[in-house]
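Okay, structure first, notes after.
The values are calculated or read from the model by the stated rules, or taken from the named source; none is laboratory data. These numbers come from a predicted model, not from an experiment. Cβ sites come from the backbone with ideal geometry, for glycine too, and all protein chains shown count toward neighbours.
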Amino acid sequence: MKRLLPFSATAVLLAVWFLAARRQTSGLFPNPLQVLSGLGELLRHGLLAKYVIASLFRVTWGYLLAVVTAIPLGLLLGWYRRGGQALNPLLQLLRPISPLAWIPISILWFGVGDVAAIFLIFLASFLPLVVAAMNAVGNVPTTLLRAGRNFGLSNPRLLRNVILPAALPQLIVALRISLGVAWLVVVAAEMIAVNSGLGFLIVDARNAGNRYDLVVAGMVMIGLIGLVLDAGIRQLEKMKALRWGYGS
């Protein structure tokens, strides 16, 4: 019974969806079976794999570029307080700006294509990760820092061997949240800045004869892939070296 519990809400949603689609008067909104048929159509034509790969390609590059630049920068700014104090006002100024507001500028700089979408994903992930890394360093217990200094660790070794492991639990949470944001941004960017991907699929299906079965099929795929991405990054929390940071 417990194994079926996580699927109960989904079953209720499908039932409500089916009844709502059946009672509509316009006939435009598809029921679950029509959406499933639309997914099959996309599979047969090879479009589903093409669009999924295109979206994942952009998210992978934009997100990884943000991770490898933002986390080291955030750790350094958190460690060297003067640098953090100098740059923090700028970070706090840019952070509330929606990544989608950068779409016109990204198209102006990079044109319509993958680079513009990757830039938006990078921007959406970079700023939250920098701030999270800075805060993670600030939350490291002073007893750990004193212990490291008592053992004669230099600043680089203290940062690498003490601060980074202590900050990792918070960083994993930040990585999980920023990945979700990156996946949201790529879908929105694909509706405007590129001509492929799941976001483009939704807009194209809407414009090509009101194919709302394909519109909802694209939405379902976005949700499923987002679920898989979140589940994948949550596996990092199960690492033995990080388990202490999440309690029992």
Among the residues listed as Leu75, Leu39, the single one being touching a Leu at 6+ places or on another chain (Cβ under 8 Å) and under 18 Å from Leu214 (Cβ atoms): Leu39
Hey, could you check region 134-173 for residues that are assigned to a helix (DSSP H, G or I) and among the polar types (S, T, N, Q) and say which is farthest from Leu229 (Cα to Cα)? Asn150
Among the listed residues Ala117, Ala124, Ala101, identify the single one that is within 19 Å of Val68 (Cβ to Cβ), out of contact with any Leu (no Cβ under 9 Å at 6 or more places or on another chain) and at pLDDT 80 or above. Ala117
Would region 174-182 turn up any residue that is in contact with a Pro (Cβ under 9 Å, 6 or more places away or on another chain), part of a helix (DSSP H, G or I), of a type in the set (Ser, Thr, Tyr) and closer than 24 Å to Leu87 by Cβ? yes
